[in-house]
1. Being of a type outside the set (S, T, N, Q), modelled with pLDDT under 95 and either in a strand (DSSP E or B) or open to solvent by 10 Å² or more (accessible area, probe 1.4 Å) (or both) is the requirement here; does ARG102 meet it?
2. Run ASP184 past the list (1) within 14 Å of PHE39 (Cα to Cα); (2) out of contact with any Pro (no Cβ under 8 Å at 6 or more places or on another chain); (3) open to solvent by 30 Å² or more (accessible area, probe 1.4 Å) and report the number of the one that doesn't hold.
3. Taking the conditions exactly as written (open to solvent by less than 40 Å² (accessible area, probe 1.4 Å), farther than 29 Å from ILE232 by Cβ and not basic (Lys, Arg)), does VAL117 satisfy them or not?
4. Return yes when LYS229 is surrounded by 15 or more Cβ atoms within 10 Å (Cβ to Cβ) and more than 24 Å from ARG121 (Cα to Cα) and no when it is not.
5. It is to be established whether one or more residues within region 165-172 are loosely packed, with under 12 Cβ neighbours inside 10 Å, free of Cβ contacts under 8 Å to residues at least 60 places away in the same chain and out of contact with any helix residue (DSSP H, G or I) (no Cβ under 6 Å at 6 or more places or on another chain).
6. Condition (residue is modelled with pLDDT of 95 or more, in a loop (DSSP other than H, G, I, E, B) and small (Gly, Ala, Ser)) applied to region 50-62: is it met by at least one residue?
7. Taking the conditions exactly as written (among the aromatic types (Phe, Trp, Tyr), in contact with a strand residue (DSSP E or B) (Cβ under 8 Å, 6 or more places away or on another chain) and surrounded by 16 or more Cβ atoms within 10 Å (Cβ to Cβ)), does TYR248 satisfy them or not?
8. Within region 111-123, is there a residue that is at pLDDT 95 or above and assigned to a loop (DSSP other than H, G, I, E, B)?
Amino acid sequence: MRQTTLVVALAVAAAVVLAGAAGAARHATTFTFCTDPSFPPMELASSSGAISGFDVDMASALAKTFGETAKPLKTAFPGLIPALNAKKCDTVISGIFVTPDRLKQAGAVSYMETHRVFIVRGGNPNHVTGPNAGLKGLSVVVQAGTKYEEFLNSVKGKLGFNLQSYPGDNDAVAQVVLGRADVDLTQDTSFAFQAKAHPGKIAVAYTFPDKDTFGIYYRKGDPLGAKLKAGIAKLKSNGTLARLAAKYKIPASDVS
């Protein structure tokens, strides 16, 4: 009986190894990217749950440069880097900034530069002129878990505004459109999408002079990082990123 049990055990073990090898082979043809589809036009989800946007199209084109396909995995924004390091996905592509603290946790490949903006109601009725003036007593909104939220929390006491965070940028902008909030801190890429969706209802009150950089995050030491870097360089040189920028009304200079 012990011999029979051993044979069965060995057979099961062999099957597991073969299954694992097959799974690894399938994985080698697809890379998954964690993304929070609440930041159009970079990524957004339809009513059916399908995820689309600039980042999704870019990921698909990027994967083709090294013979793979890309698959999005919906993930809440604050959990993007933790999910990556927990190996729930191979990369993070989600309109997420390259920052020193995140680079301590993962590697990154830059692909776009943007400017942060204050979005207000059309006509700027509260005369917002910048981050250091005109915000006192106003209701400011922002997407939760972002560097923008950190920034606003660091200055709200000094500047005297009320701050409310929302799960997605769409939710935050909607508060301004509906007149429930006065200012939303977001990016110029978001405004391009939202202005088309809500013509005349919103405007940019202030554009910050410094640029922010979007990056693709990958686990440190992962050979995929070199493929991503070479792939982005190719998509820039062959004009793919510029074509996608035009499709989503993003300034071409952001991806040059």
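1. no
2. Unmet condition: (3).
3. So VAL117 does not fit the description; no.
4. yes
5. no
6. yes
7. Details: among the aromatic types (Phe, Trp, Tyr): yes; in contact with a strand residue (DSSP E or B) (Cβ under 8 Å, 6 or more places away or on another chain): no; surrounded by 16 or more Cβ atoms within 10 Å (Cβ to Cβ): yes.
Criteria not met by TYR248.
8. yes
The values are calculated or read from the model by the stated rules, or taken from the named source; none is laboratory data. Just so it is clear, the model here is predicted, and its values are computed rather than measured. Cβ atoms come from the backbone with ideal geometry, glycine included; neighbour counts cover every protein chain shown. Protein only, heavy atoms only, side chains kept; ligands, DNA and RNA dropped before computing areas. Shrake-Rupley method; radii C 1.70, N 1.55, O 1.52, S 1.80 Å.
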